[in-house]
1. Under a 5 Å amide H to amide H cut-off, with H placed in plane at 1.01 Å, what residues pair with I19 once short-range neighbours are removed?
2. Determine ³J(HN,Hα), in whole Hz, for all residues of the stretch 29-34 in sequence, where each value follows from phi through the Karplus function 6.51 cos²θ - 1.76 cosθ + 1.60 and θ = phi - 60°; x replaces Gly and Pro.
3. Return the distance in nm (one decimal) between the two label points of a simple spin-label model at K15 and Q360, each offset 7 Å from Cα along Cα→Cβ.
4. Using the Cβ atoms and a cut-off under 9 Å, what net charge is assigned to the surroundings of C124, where Lys and Arg are +1 and Asp and Glu are -1?
5. Considering amide H positions built from the backbone, and no H for Pro or chain starts, which residues 5 or more places from V343, or on another chain, come under 5 Å of its amide H?
6. Non-local amide H neighbours of T303 (under 5 Å, H modeled in plane, Pro and chain starts lacking H): which ones?
7. Using the Karplus curve 6.51 cos²θ - 1.76 cosθ + 1.60 with θ = phi - 60°, what ³J(HN,Hα) values do you get for each residue of the stretch 349-363, in whole Hz, with x for Gly and Pro?
8. How much net charge surrounds Y86 when only other residues with a Cβ under 10 Å from its Cβ are counted (Lys, Arg +1; Asp, Glu -1)?
Amino acid sequence: MVLTSVGKMVGLQKKTSGIRNICILAHVDHGKTTLADCLISSNGIISSRLAGKLRYLDSREDEQIRGITMKSSAISLHFVKGDQEYLINLIDSPGHVDFSSEVSTAVRLCDGCIIVVDAVEGVCPQTQAVLRQAWLENIRPVLVINKIDRLIVELKLTPQEAYLHLKNILEQINAVTGALFTSKVLEERAEKETESETISDAAPRDQIYDWSTGLEDTDDSHLYFSPDHGNVVFASAVDGWGFGDKEKIEKIVTSLGLKIGARESRHADPKVHLNAICSQWLPISDAVLSMVCNKLPSPLDITAERVEKLMCVGARTFDSLPSETQELKSAFMKCSSEETAPVIVFVSKMFAVDAKALPQNKPRPLTQEEIAHRRELAKRRHAEKLAANQGKELSEKPPSENSSEATGNAGDTKGKEQQLTGQAEITTSKETKQEADNKESFIAFARVFSGVVKRGQKIFVLGPKYDPAESLHKLSSQCSATNDPPLVPHMTCCTLVNLYLLMGRELEDLEEVPAGNVLGIGGLQDFVLKSATLSTSPACPPFTPLSFEATPIVRVAVEPKHPSDMPQLVRGMKLLNQADPCVQVLIQETGEHVLVTAGEVHLQRCLDDLKERFAKVQISVSAPIIPFRETITRPPKVDMVNEEIGKQQKVAVIHQTKEDQTKIPEGVQVDSDGLVTISTPNKQATLSVRAVPLPEEVTRLLEENSDLIRTMEQLNTSLNEDKKTHEINQKTLDRIKEFKQKLEQHLQGRKWRNAVDQIWSFGPRKCGPNILLYNFEGYKRSVWQCLGNTVKEVSNYRDFDNSIVSGFQLATLSGPMCEEPLMGVCFTVEKWEINKGGETLSTSSQHVGECDTVEHKQNEDTPLTSSCTDAICSVNEHQDSSQRVSKSPEKVSKHKGEISLADCYGPFSGQLIATMKEACRYALQAKPQRLMAAMYTCEIMATAEVLGRVYAVLSKREGRVLQEEMKEGTDVFIIKAVLPVAESFGFADEIRKRTSGLASPQLVFSHWEIISSDPFWVPTTEEEYLHFGEKADSENQARKYMNAVRKRKGLYVEEKIVEHAEKQRTLSRNK
């Protein structure tokens, strides 16, 4: 097929019904890029012989070396079916789990997707993940079962066996789809039930819930893959053939009438004959593209459900959006390209392109006339040169030598000067040219959902926190981006400098792009960080943020080899942050520049980009910073040699008791059951705190609902400040109620009585997996204020409760073992006394404006009122601060100078924060402490002969095998295991080396797990002495991790460098 011109593509862009925006999704190495090559070769962009070998859309060097795709890239293809012409915007996406964020960016821009599955390996973990992503974005899938030739060539299956094997794969995929569908139907049904219950609070009646009824009523036939529906193609992309229709199967029976070249027919390899016949008889591009055109929707067929999902950010419902915003739904549904339609564009990611690759910087191909003209010029120049040389030879001898020398010298100096200036000009021009060459241009990967985008158009850029409800009343109804609008938070204006047609490795300039198309936009790097919504209407809400499957967990600290290169590194990291949708760039409290990536391969790609493209400096990279969590457990019942504690004879209580005594300083009392009592430095307040481990289910629940807890915190803050900015959404309230009920279910028993109502705060950062409870008289405050049970109450504690919460937040942010965050710990404040002096102070501080009589009393209460305002300033997001501050401003200013006289320990609020933090730390140390390690789940596919080696590598790295099963009909085993993140570096490489490349793992972050060994353990009983020896120097995993983290953070590590040093003898003398 001949190459399609850009003009033709632009014409096709205007026919929205003929556009198909699709992406190719699959597990790693299932043949996505090879399939994309076959489809591209049908357009004549690459040779059909190179399809599958060239991997055209893998344009990066490291992609070609590793043989995996690392970024999503788009290309536009032209396809003719009968008299109908189609424009297919194809996006190839990565299959490796580290780059699953790239899949999210691709899926958001598409209306349909091709799921590719390897005929031998079948449904893999990433296949399930991409099906789930497609489902969440409401896009329709079709299926390509690839590598069919492997069933014949490798597995040697008979036709009957191959049929059963393929049928099995189809059933597995349909099972995944069915599970997604079922969960959705049941969820909707549950919502309807709750709605009907709230509407009709009638007399109680017996009701039998039958959850399956919702499933029986709903038609799900269109969801499943079946060759009868025409949404499955069987193919071998590397050989370029595939079929999906019944008519093709009839053709097999009849004669083929194909032309096969002489070279193929003479070839000895039967696979070449098969390839030659099949690629002509059943070309894969026809099979796949005709299925895409028949079965996948055009942009016009966007569903109302998808539109509403895109427009509703967070917990808001579509009905709660302003009326102007709701009107935009019709523009989405029409996908109209009229001049009057509002322009709505979604940018899913920014990608960096070398400035040389931009169309405006490319050398233009010469026309025939220009080539002829240049040839003439070259001929003329050559003739002149020849003539000049001949003239020199014929000319007479030069005049006297002296004069010639003089003129020569003068000429030399002149020539040198000219040369120098010329050189200077050349170097400066070279420098500017290099700068231009080195510059990376950022292009936005976007899709137009409504209206026509034009080059040079002014448009609003809406940030993820932009709220049309708050901004519309500030802007006039006729407001547009062309006339300067007033400043509105999270909204800026920008000009679309360039529009590009994405053609894989090439970019083509466009003047305008109508609705329904995928495009590249230049000139947005200063306005968009990673993703954004662009619109000409300020009523447009920002789209729902992209959901990423992989959690970034691998951290490294980066610094330049030469300190003078620091500015380039900082600039390079900013560019990297913009160019990669998943990477996070942080500056820690220690001043380190940290990269957080999704896995080892992703980390390697980010570092290569930083060195070679963005920073262009030599960098040194630290060993990976492994995250840990600290927690406490119940006291163990058996010791390290499985003897029951308390029954054995203690030989000697060595270092342990001494350590315990040194741990706790004077003034801190610790009861036998772990209650810690501590006073503030000025002895005006006393706190008693106890730490208890939370049940595992509660910790998990808190982790899963961290966003909901953050929402609760924001709602409580706005309630306390008496702001009724937006009505609380009923759906959010229901979720909070459900969350509270689940907590009550899990926190049962005598120990947890009324615990849920006594929750004071969550931590760290007010949304973490730790809880602070209050359990003393005379104080009431609840995190459940947003549910309506607000308690406004004035007490002595009210002025300083924020200090206690702040102390708890600090304590949970860095634990005592190695300054890592806490997890699964509940702190209970059992006593908080503000003694008599303090009481008079806190009560008098409320009537400060009235009492102005006794001088010594004023002196006494000044520090507290001022420190009270200090506390408010430092924790400005808490209750009725405005009221308290407004009561005593004159008083504070009057006695500001007397603060230092009254209390040498500083503001009372600050003392409380520090005391609370210390109390929490000592309460933790009174219980058995443990480290928690981050864990990966690891799926490995391996054949029977390398199974032992896989197990050896896993056990060496502290891995634990959960499950091993054999894939039906093959000799491949699937091993599911968990592996600590700390031990995972180099794991994939080691497994590949040990198994000669026959097994490759997929690592995905899963959960946090307690390391069972005690990092502070020393032997105390006779049995332990016998078993572990006096020094007990066999490796304690938890202690090793703890010391490594302490060393990295510069904390004190209790280690003996040399023990019993003695002179070393050389052995040679004893021979």
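1. L87
2. Whole-Hz 3J(HN,Hα) from phi for the stretch 29-34: 6, 9, x, 5, 5, 5.
3. For the pair K15/Q360, the computed spacing is 3.2 nm.
4. It works out to a net charge of -3.
5. Correct list: T536, S537.
6. Amide H neighbours of T303: none.
7. For the stretch 349-363, the Karplus curve yields 6, 10, 10, 8, 10, 4, 4, 5, 7, 5, x, 5, 9, 7, x Hz.
8. The answer is +2.
Computed from the coordinates by the stated procedures, all read-outs in this text should not be read as laboratory data. The model shown is predicted, which means the values in this text are computed figures rather than measured ones. Methodologically, a virtual Cβ is constructed for each residue, glycine included, from the backbone with ideal geometry; neighbour enumeration extends over all protein chains shown.
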